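The values are calculated or read from the model by the stated rules, or taken from the named source; none is laboratory data. All values derive from a computational prediction rather than experimental measurement. Cβ coordinates were reconstructed from backbone atoms using ideal geometry, including for glycine residues, and neighbour counts include every protein chain displayed. Calculation scope for accessible area: heavy atoms of the full protein, side chains included, ligands and nucleic acids excluded. Shrake-Rupley method; radii C 1.70, N 1.55, O 1.52, S 1.80 Å.
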Amino acid sequence: MTDDIQVWVKVAAFIGGGMAMGFGALGAAIGEGYTAAKANEAIARNPQISGDLFKTMLIGQAIAESASIFALVIAMILLFTDFAAESYVMVSVLLAAGLSMGLGAIGSGVGSGFPAGEACTGIARQPAMNGRLTTNMLIGSAVCQTPAIFALVTSFILLFTNFSDRPVSPTWAAILGAGFASGFGAIGSGLGGGLVAQASCEGIARQPLSATPVTNVMLLGQAVTQTTAIYGLLISFILMFKGFAPSQSIAESMALLGAGLCMGIGAIGPGIGEGFTAQSAVKWISRNQSATASLTRSMLVGQAVAESTGIYALVISLVLIFVI
Amino acid sequence: MTKTTGMEQIRKTQKKYCSLAITFAIFAGIIFFLFDLKPIGKGLIFGTIFSIINFILMGETLPMKIGISRNKAAVFSFLSILLRYALLAIPLVSSIKLERFNIGATVCGLFMVQLVILADEMLHQFYFSTRKKKYSKKLLWKN
């Protein structure tokens, strides 16, 4: 019996490691590719400052790569650590850790490529703004990494908490649900945050005097965009830390798995939608600073409405965990 | 001409951030050594060294991807990423297997270059910058 568990734990660690790095590489590669494509365009537009453009591209790609390095860390831990094989719950834990990190890195990887690419275009068009654009790009890209950091935290908690004293059923489903909630939940916020940061880089290059309000509204917009990832993290924490009574019924396990899936998938759309809203607000603030207050208000209202579907997902997840 | 200028700029950037990263790692490492937290100090320095190698390789391979066919560039980029990730795996596997390196500190070390880039830019922007005066004079949007 112990041998069986040991085999399955190893299998889960290998699959989890593969999923962490496989999904994790996806977003960063797209983000870095996008940055390089925009850098090429910028060099063609203004070859005299190719040195500055190379530098911005290099820094932007280094930051965009962070999400996939998080995934690499989790993959290596999964592949090279000897995990205790005390319970079948461990199988679920290792799969969830890989899923959470792999899926969670997609949005941040792609998202942080957007500001890096736009900063290259902006520097080519407005070379005097090089410093401010690089800083804004770095702030925007760094904030884009937050959802991936949430996913990393979930993966670390899963890997370093002992769940073996919990009943196999329904804990296996709760743990897997936690991985889905945190992983899928980070995709939309990462992408949305990237869209906002992209618009701010474009805005600063177009109208340098609007740099301060543009950066401030970008941060506000990105903060609101992150909320759905926070819902994912919240559901994931509830699923990991709420003790569930032993149950032989498959329905209860499926309710917990469904809760994680509901919150995770339900957070993708609002994250991207809120990103579109803030992207547009930031874009137009740079062109018409006098309308900053109205645009900020309209952005927040728009984001609140876009967020409502994420709240529905949160409510249904809570019902699945606590009521059914 | 353009390529040389680009390469010089990349090397200058690499030199700046890599020397800052290793200086900070060594300084922090010495503090950990003094407090008898050797695995943390060693892990931090170990991870930082590989973070620097990754950053240097990233910059060195950039110009090689320019001026070749699209297929060759795709294959070259894939091989470059494979090599860099294999290199980053070395400190991670070593710290998982060897007790003399702390895994958490090694992971922090792997992000040292990124952390230094962020910290440097923030400090310059918010405390030392005089750029505001400069850019308000010339606003030229190149279409």
When every residue in the range A:136-165 that is surrounded by fewer than 23 Cβ atoms within 10 Å (Cβ to Cβ) and more than 22 Å from A:Y231 (Cβ to Cβ) is compared, the one nearest to the other protein chains (Cβ to nearest Cβ) is A:I139
Counting only residues that are open to solvent by 50 Å² or more (accessible area, probe 1.4 Å), at the interface with chain B (Cβ under 9 Å from one of its Cβ atoms) and in contact with a helix residue (DSSP H, G or I) (Cβ under 8 Å, 6 or more places away or on another chain), the range A:12-47 contains a total of 3
Matching residues, the range B:85-113, being facing another protein chain (nearest Cβ under 9 Å) and either among the acidic types (D, E) or free of Cβ contacts under 8 Å to residues at least 40 places away in the same chain (or both): B:Y85, B:L88, B:A89, B:L92, B:V93, B:I96, B:K97
Can you pull out the residues in the range A:238-247 that are in a helix (DSSP H, G or I) and open to solvent by 70 Å² or more (accessible area, probe 1.4 Å)? A:F241
Residue, most open to solvent (accessible area, probe 1.4 Å), within the range A:60-115, restricted to residues that are within 14 Å of chain B (Cβ to nearest Cβ) and outside any helix (DSSP H, G or I): A:D82
Residue among A:L195, A:L220, A:L209 that alone is in contact with a helix residue (DSSP H, G or I) (Cβ under 8 Å, 6 or more places away or on another chain), among the aliphatic types (A, V, I, L, M), away from chain B (no Cβ under 14 Å) and surrounded by fewer than 24 Cβ atoms within 10 Å (Cβ to Cβ): A:L220
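Conditions tested, residue by residue: (1) under 26 Å from A:E32 (Cβ atoms); (2) surrounded by fewer than 18 Cβ atoms within 10 Å (Cβ to Cβ); (3) at pLDDT 90 or above.
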site: B:K72; (1), (2), (3): yes, yes, no
site: B:I81; (1), (2), (3): yes, no, no
site: B:A86; (1), (2), (3): yes, yes, no
site: B:T106; (1), (2), (3): yes, no, yes
site: B:L110; (1), (2), (3): yes, no, yes
site: B:A119; (1), (2), (3): yes, yes, no
site: B:Q125; (1), (2), (3): yes, no, no
site: B:F128; (1), (2), (3): no, yes, no
site: B:K137; (1), (2), (3): no, yes, no
Count of the range A:153-181 residues which are assigned to a helix (DSSP H, G or I) and either out of contact with any helix residue (DSSP H, G or I) (no Cβ under 6 Å at 6 or more places or on another chain) or without any contact (Cβ under 8 Å) to a residue 60 or more places away in the chain (or both): 4
Identify, from the list A:V301, A:V315, the residue that is farther than 22 Å from A:P147 by Cβ, open to solvent by 50 Å² or more (accessible area, probe 1.4 Å) and without any contact (Cβ under 8 Å) to a residue 24 or more places away in the chain. A:V301
Of all residues in the range A:268-322, count the ones that are within 30 Å of A:A255 (Cα to Cα) and not aliphatic (A, V, I, L, M). 13
How many residues does the range A:116-129 contain that are surrounded by 24 or more Cβ atoms within 10 Å (Cβ to Cβ) and within 13 Å of another protein chain (Cβ to nearest Cβ)? 7
Within the range B:7-45, work out how many residues are part of a helix (DSSP H, G or I), over 12 Å from the mean Cα position of the chain (by Cα) and more than 14 Å from chain A (Cβ to nearest Cβ). 19
Which numbered condition A:D52 misses (of (1) out of contact with any Asp or Glu (no Cβ under 9 Å at 6 or more places or on another chain); (2) open to solvent by less than 10 Å² (accessible area, probe 1.4 Å); (3) within 13 Å of another protein chain (Cβ to nearest Cβ)): (2)
